[in-house]
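Okay, so here's the structure we're looking at.
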Amino acid sequence: MSFAATMALVALFEITKRAPHEPALPTPGPLIGAMQASVRGIGGVILISLVAGLASDPFAIYHFQRFSMYSLPANLLAAPIMSFLVAPAAGAAAVLGPFGLADPALELMASALDLIAAIGATFGGRPEALRALPAPPAAAFILCVFAMLWACLWRGGLRWMALFPFAASLALYIGAAQPAVAFDADLRAVFVRGGEARAPWLLISGRGRSTYARERIGAILGLAAPRVARLAAPEACTDAACFVELTPGHAFALVRAEGGFDAACAPGAIVVTRLEAPPDFTARCAPAILIDAPSLAREGGGFVYLENAPRLTRAWPASAARPWTRRAAPESADQT
């Protein structure tokens, strides 16, 4: 993110600098000159914050699934404090430190940093400060990065050609398929898209009080933590199993006890369980997807997509097996 912001700022400087052959403007009077310098300074800070934020936003959305609504005003308030108080005080402390005279500079720097922290807490504490967004597909992210590189490395009219890959990236992101089921390896959080239109997601929480799995998977789905906390569980949940009708012809079942396998026996069903399925369950019930204890241990959590046919992607697919992972290369990860 820092490299992207720096690249964008270097390109911005190249765009806005005065050409060598361009004549200089006439020198204004002291009052007008001071006003012009102030306007240029404020405008420059706003433009720098805006460009740096826009350059780093694609990486924040891809890696953290979040978009900061107040990054621009927060940066506008924090940047002068950092530039005119924190940085000079840190330099002064470094120079005066060997003589034992750094305490006043360190106190000034600490007070300025407390002020920056207060600014962050003020903006970050707002409920709408962070907007959760679904994780974009890898192809959309790569196209967006390519568009940024093209816009920053080329000059003149060629720079505007970056609009085409950026538009393609945006189209891929908007049109990307959204999962119907999402779950982690321990089934502490199982998200199911089967609710009403105004609240399409349902949440089946597993054992333990940890919220990490719920919040992390929710963020990937574009659900903020407060919204995840308000999600309801399916009505058709018992101690043995939970059932959700996804679409006509597709149902989801979370089996919690041995008795739930008989109730989940339906052709085309998506069945997830921490137990080991009976040996004859697949042949007898013909589920579209079966994820039981051995599958969870081997390939972790995953997402189920309902397209032409149910499609499963896993957290630990065979293609991601690396020498430093703690497990051997698993079998094929996709099931249809």
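Some observations on this one:
- Residue among I142, I61, I81 that alone is surrounded by fewer than 18 Cβ atoms within 10 Å (Cβ to Cβ) and closer than 18 Å to I174 by Cβ: I142
- In the condition set (1) free of Cβ contacts under 8 Å to residues at least 40 places away in the same chain; (2) under 25 Å from A167 (Cα atoms); (3) outside any helix (DSSP H, G or I), F67 is compliant with all but (1).
- Checklist (1) under 22 Å from T16 (Cβ atoms); (2) surrounded by fewer than 16 Cβ atoms within 10 Å (Cβ to Cβ) applied to G97, failing item: (1)
- Matching option when the condition is assigned to a helix (DSSP H, G or I), farther than 29 Å from F67 by Cβ and of a type in the set (K, R), among R298, R216: R298
- Residue match in the range 231-245 (condition: under 30 Å from F67 (Cα atoms) and surrounded by fewer than 16 Cβ atoms within 10 Å (Cβ to Cβ)): yes
- Test: M148 is under 19 Å from M1 (Cα atoms) and hydrophobic (A, V, I, L, M, F, W, C): yes
- Restricting the range 242-278 to residues that are of a type in the set (G, A, S) and closer than 16 Å to G194 by Cα, the residue that is modelled with the lowest pLDDT: G249
- From the list A132, A118, the one residue that fits, being closer than 30 Å to L223 by Cβ and surrounded by fewer than 16 Cβ atoms within 10 Å (Cβ to Cβ), is A118.
- Checking each residue of the range 162-178 against the condition of being among the hydroxyl-bearing types (S, T, Y) and over 26 Å from the mean Cα position of the chain (by Cα) gives no match.
- Of all the residues in the range 130-141, those that are out of contact with any Leu (no Cβ under 7 Å at 6 or more places or on another chain) and touching a residue at least 24 places away in the same chain (Cβ under 8 Å) number 6.
- Residues that are under 29 Å from Y62 (Cβ atoms), of a type in the set (D, E, K, R) and over 16 Å from the mean Cα position of the chain (by Cα), drawn from the range 216-247: R230
- Selection status of P278, over 33 Å from the mean Cα position of the chain (by Cα) and at negative phi: yes
The values are calculated or read from the model by the stated rules, or taken from the named source; none is laboratory data. On a predicted model such as this, the values are computed, not experimentally measured, just so you know. For neighbour counting, all protein chains shown are included, and Cβ atoms are generated from backbone atoms with ideal geometry for every residue, glycine included.
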